[in-house]
Amino acid sequence: MKTELYVGLDVDKEWIVTAVAEWGRNGPVHDLGAISNDLHALEKLLARLRKRYGPDVRGFGIARRLHQLGVECTVVAPSLTPTRSGDRLKTDKRDARKLARLLRAGELTEIYIPEPTDEALRDLCRARSDAVDDRRRSRHRLKAFLLRHGYRYEGKSAWSAAHERYLRELVLPHPAMKVILEEYLISVQLASERIARTEAAMSDLLGKWRLEPAVRALMAMKGFQTVAAMIVVSELGALDRFTHPRQVMAYLGLVPSEKSSSDRRRQGSITKCGNAHARWLLVECAQHYAAPPKVSKELSRRQQNQSRAVRLISWKAQNRLHQRYVRLMARRLQRNKVIVAVARELCGFIWELLRSQECYHAPCPSGMN
């Protein structure tokens, strides 16, 4: 007799705590104990379940390996898992039992699992952002160190060639201070080299990526060059799972929060749920639309091999988003709020631009080609 099971796996760095819920609304939920966080232990667990309950077992856990083993699985985020407001007890065993029960009840929201190649490019883009963050922190620490001792650069722009010469020519009163200055300068230089290496790798791998046409199309938009376009495309993933641009806005956490009751509607700040990396980048790119619409020489070069439809969407976005910026600024709203509103509408144009790209509908290759 076929038995349908729902397996909950609470995964952390070292252990996987497991529980299984049998079929039926009131079916029993059993604790299976903890296994080490490796694929061999997971395969042994599945073999034990198949031997006990039969060959057809549904599971939840390390998605790609389970798919390879022929096990249907669902991946959920902790923030999307339903919780009881009065429940103050949280353990791995309780989490595993709760996952199994919610999976059986159909109350879990599945998250997107990127293709291995898409995930690798996304990690590379995030590594570049990490290097930029490290360089910024090193620069801030160096400037704070010099300000504490009364050294302030009076030039026009910081971290230019003239500024770096000024730092190299500084004469500090104590040898320890000179050591600190050199260490900070070295950390800034190392971070800059990391940025250059990752950007070079991104450019090299772009031509082998199946989503290159989407990146090239997005580069036809104002404010998007190679790095920004690759980050947005890699973070959004498969666009066919978004049936409306509002879903993209919500996925990026750019929609306002709401707490309404009865006939009273109350909206607050943006939710900031979902993908923070892409949200930050879109807010940065949205600032370009504060300037009047214009097809610059660089933008015209990026649009050369693009279709007329892509160029029309790009021009329409410039006019629409600039008008939106001017109207909101005329209402004397805070500029940061205006930029976020522009970024929210920018999501709609990106969705319209990318959803028509054939690379999203082609079958995923096994390799980079």
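The values are calculated or read from the model by the stated rules, or taken from the named source; none is laboratory data. This is a predicted model, so every value here is computed, not measured. Backbone-built Cβ (ideal geometry, glycine too); neighbour counts: all protein chains shown. All accessible areas refer to the heavy atoms of the entire protein, side chains included, with ligands and DNA or RNA removed. Shrake-Rupley method; radii C 1.70, N 1.55, O 1.52, S 1.80 Å.
What are the pairs, 6+ residues apart or on separate chains, where a residue within region 73-101 that is open to solvent by 60 Å² or more (accessible area, probe 1.4 Å) has its Cβ under 7 Å from a residue that is among the hydroxyl-bearing types (Ser, Thr, Tyr) and in a loop (DSSP other than H, G, I, E, B)? Sorted first by the residue in region 73-101, then by its partner, the pairs are Leu80/Thr109. Applying a threshold of 8 Å to beta carbon distances and a minimum spacing of six or more residues, or different chains, the list of pairs starting in region 176-187 at a residue that is at positive phi and ending at one that is open to solvent by 70 Å² or more (accessible area, probe 1.4 Å) and assigned to a helix (DSSP H, G or I) is empty. The conditions of being under 30 Å from Ala362 (Cα atoms) and either among the charged types (D, E, K, R) or open to solvent by 50 Å² or more (accessible area, probe 1.4 Å) (or both) are not met by Asp130.
Checked against (1) surrounded by fewer than 16 Cβ atoms within 10 Å (Cβ to Cβ); (2) at pLDDT below 80; (3) part of a strand (DSSP E or B), Asp31 passes all but condition (2). In region 322-330, is there at least one residue being among the hydroxyl-bearing types (Ser, Thr, Tyr) and under 20 Å from Phe242 (Cα atoms)? Looking through region 322-330, none of the residues is among the hydroxyl-bearing types (Ser, Thr, Tyr) and under 20 Å from Phe242 (Cα atoms). A single entry from Leu190, Leu205, Leu124 fulfils the requirement of being open to solvent by less than 50 Å² (accessible area, probe 1.4 Å) and not small (Gly, Ala, Ser): Leu124. For region 304-312, the condition of being surrounded by 12 or more Cβ atoms within 10 Å (Cβ to Cβ), modelled with pLDDT under 95 and more than 23 Å from Lys222 (Cβ to Cβ) holds for none of the residues.
Before we move on, is Glu212 over 17 Å from Leu281 (Cβ atoms), of a type in the set (Asp, Glu) and open to solvent by less than 50 Å² (accessible area, probe 1.4 Å)? It is true that Glu212 is over 17 Å from Leu281 (Cβ atoms), of a type in the set (Asp, Glu) and open to solvent by less than 50 Å² (accessible area, probe 1.4 Å). When region 300-332 is filtered for residues that are within 18 Å of Glu345 (Cα to Cα) and polar (S, T, N, Q), the ones remaining, listed by number, are Ser314, Gln318, Asn319, Gln323. Remark: Gln318 falls outside the filter, which requires a residue to be surrounded by 11 or more Cβ atoms within 10 Å (Cβ to Cβ) and not in a helix (DSSP H, G or I).
Just the residues that are buried (at least 18 other Cβ atoms within 10 Å of the Cβ) and over 14 Å from Ser314 (Cα atoms), please, taken from region 282-303. Passing the criteria: Leu282, Val283.
Would region 254-272 turn up any residue that is modelled with pLDDT of 90 or more, under 19 Å from Leu211 (Cα atoms) and either open to solvent by 40 Å² or more (accessible area, probe 1.4 Å) or not small (Gly, Ala, Ser) (or both)? No, every residue in region 254-272 fails to be modelled with pLDDT of 90 or more, under 19 Å from Leu211 (Cα atoms) and either open to solvent by 40 Å² or more (accessible area, probe 1.4 Å) or not small (Gly, Ala, Ser) (or both). For region 140-154, what are the residues that are surrounded by fewer than 17 Cβ atoms within 10 Å (Cβ to Cβ), of a type in the set (D, E, K, R) and either over 12 Å from Ile180 (Cβ atoms) or under 31 Å from the mean Cα position of the chain (by Cα) (or both)? Selection gives Arg141, Arg152, Glu154. Residue count for region 238-253 satisfying the condition of being out of contact with any helix residue (DSSP H, G or I) (no Cβ under 6 Å at 6 or more places or on another chain) and at pLDDT 90 or above: 6. Residue pairs whose Cβ atoms lie under 7 Å apart, separated by 6 or more positions or on different chains, with the first residue in region 277-289 and closer than 20 Å to Leu124 by Cα and the second open to solvent by 30 Å² or more (accessible area, probe 1.4 Å) and in a helix (DSSP H, G or I), are His277/Arg126. Being at pLDDT below 75, of a type in the set (D, E, K, R), buried (at least 16 other Cβ atoms within 10 Å of the Cβ) and within 20 Å of His30 (Cβ to Cβ) is a condition met by no residue of region 104-111.
Taken over region 15-28, the criterion of being among the charged types (D, E, K, R) and either touching a helix residue (DSSP H, G or I) at 6+ places or on another chain (Cβ under 6 Å) or open to solvent by 60 Å² or more (accessible area, probe 1.4 Å) (or both) is satisfied by Arg25 alone.
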